[in-house]
1. Out of all the residues in segment 93-117, which are touching a residue at least 40 places away in the same chain (Cβ under 8 Å), over 17 Å from A28 (Cα atoms) and part of a helix (DSSP H, G or I)?
2. Looking at T170, T216, which one is of a type in the set (S, T, N, Q), modelled with pLDDT under 95 and touching a helix residue (DSSP H, G or I) at 6+ places or on another chain (Cβ under 9 Å)?
3. Is one or more of the residues making up segment 240-248 over 22 Å from I112 (Cβ atoms) and in contact with a Phe, Trp or Tyr (Cβ under 6 Å, 6 or more places away or on another chain)?
4. What number of residues within segment 150-166 are among the small types (G, A, S) and at pLDDT 95 or above?
5. Could you figure out which of (1) surrounded by fewer than 24 Cβ atoms within 10 Å (Cβ to Cβ); (2) at pLDDT 95 or above; (3) closer than 24 Å to E304 by Cα isn't true of Q194?
6. Taking only pairs six or more apart or across chains, which ones have beta-carbon atoms under 9 Å, a first residue in segment 278-292 that is more than 13 Å from P330 (Cα to Cα), and a second residue that is in a strand (DSSP E or B) and open to solvent by 50 Å² or more (accessible area, probe 1.4 Å)?
7. For segment 203-224, indicate whether the set of residues that are open to solvent by 10 Å² or more (accessible area, probe 1.4 Å), under 30 Å from L66 (Cβ atoms) and not in a loop (DSSP other than H, G, I, E, B) is non-empty.
8. Which pairs have Cβ atoms under 8 Å, sit 6 or more apart or on different chains, and link a residue in segment 75-92 that is touching a residue at least 40 places away in the same chain (Cβ under 8 Å) and among the aromatic types (F, W, Y) to one that is part of a helix (DSSP H, G or I) and crowded, with 19+ Cβ neighbours inside 10 Å?
Amino acid sequence: LLQACKRNIQESKRLFHKALNLNQNNTAALFELSKNMQSIAESQELAKKIDEVNRSHLKKKDEAMLDFAAANIYHKFKDFAKSSQKLTQANQLKLSYQKSDINYHLDLTHKITAKARQVAKGKPTDGTGRIFIIGAPRCGSTLLESVLASNSNIHDLGESKALSQAFYQTQEQPADKESIPSLSDAYTEKLGFQPSHCTHTVDKNLYNFRFVEAITRAMPSAKIIHCHRHPLDNILSMLRSNLQAGNNYTANPLDAAKFLIHQEKIIRSFKRDHEAHIFTLDYDKFTNQPEKELPQLINWLGLEWNNLYLHPETTSRLIDTASVIQARQPINNKSVGGWKNYMQLLNPAENALRESGIFELQS
């Protein structure tokens with residue numbers, strides 16, 4: 001199904017429906033279909049299929065998946081009260097078998113940033129052509145990656161783990177210290193290839209924000225894009241997305257807010273020290289006025305402007321990401337300001353964000 005989704009949204013939907021015909025309790029198929037409903041009639045048909053599911057023997061994970069799908073349908077119907085109710089149920093179920101990992105994430109950042117200051121400095125040209133997108137989950141990075149990869153000279157790496165693997169490799173202490181590769185060389189090695197047909201690569205592992213100090217030291221010519229959006233829209237998207245294990249904190253509004261506060265503090269400190277290396281892309285401005293915002297980014301990257309950047313949905317590239325359906329969509333601002341429909345659900349997060357004094361939130 002993933003391979004089909006890479007090729008064509010309509011084909012993938014056809015196969016998801018085929019999977020449901022074989023097993024009407026296929027909650028994963030129901031959830032995936034709920035993320036790309038084009039009409040009210042299609043939503044009503046999917047709602048009927050959800051009602052037909054026998055919940056009596058479902059595992060908690062499947063129950064949660066069903067509630068996430070129902071929340072998407074109520075969202076489509078603009079019944080935000082019921083959508084909030086289903087989202088609360090879904091995320092509470094998820095947290096019952098997959099505890100929040102917020103403390104792990106906060107501790108990991110502090111450990112890595114402390115070690116990153118010890119990374120050996122690279123040559124001025126190291127990192128040439130390397131682009132890193134950092135931010136929080138659901139910050140708009142998939143759309144940004146799609147935009148950049150519409151340039152045939154840019155190869156998208158997806159959510160690669162190569163940088164973290166390279167970083168830990170260079171932290172090892174072998175008897176022969178001369179055998180330790182530079183972080184830039186280790187990164188290339190961990191990627192496993194260097195595309196000969198491309199001049200640039202885009203790595204959108206958002207947790208690479210922890211390695212900004214290491215990147216700027218070891219790869220001075222690399223470019224870092226910090227993609228961010230309204231924090232409450234960001235948290236709402238986390239709550240709606242049912243993200244995979246390793247992002248468990250995203251099922252808890254308060255913990256999601258804690259992560260955003262933590263990350264913003266870290267990235268702001270990096271920007272003070274490495275302003276020339278980091279471009280801040282405001283997702284809201286970007287999706288509202290792409291023809292105005294995008295050229296600034298493309299120019300900063302040292303690339304030549306092409307109108308194809310404004311139409312990432314036309315690309316024929318393969319897409320390997322959890323946000324694959326979103327990656328096939330045109331640039332749009334449909335999700336901007338959506339948090340206003342879920343104010344009660346987001347109240348704990350909003351209070352934490354306001355108390356932090358970091359984010360400017362409208363009343």
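1. Once the filter is applied, which keeps residues that are touching a residue at least 40 places away in the same chain (Cβ under 8 Å), over 17 Å from A28 (Cα atoms) and part of a helix (DSSP H, G or I), segment 93-117 yields L95, I102, H105, L106, L108, T109, I112, T113, K115, A116.
2. Details: T216 fails: modelled with pLDDT under 95.
After ruling out the rest, the residue left standing is T170.
3. Among the residues of segment 240-248, at least one is over 22 Å from I112 (Cβ atoms) and in contact with a Phe, Trp or Tyr (Cβ under 6 Å, 6 or more places away or on another chain), which makes the answer yes.
4. The total comes to 4.
5. Every listed condition holds for Q194 apart from (2).
6. Final answer for the pair search is I278/K223; F279/K223; T280/H228; L281/H228; D282/H228; Y283/H228.
7. yes
8. Close Cβ pairs satisfying both conditions: F80/Y74; F80/Y342.
The values are calculated or read from the model by the stated rules, or taken from the named source; none is laboratory data. Computed from a predicted model, the values in this text were never measured in an experiment. No Cβ is skipped: glycine too gets one built from the backbone with ideal geometry, and neighbour counts run over all protein chains shown. To get the accessible areas, we keep the full protein, side chains included, count just its heavy atoms, and leave off ligands, DNA and RNA. Shrake-Rupley method; radii C 1.70, N 1.55, O 1.52, S 1.80 Å.
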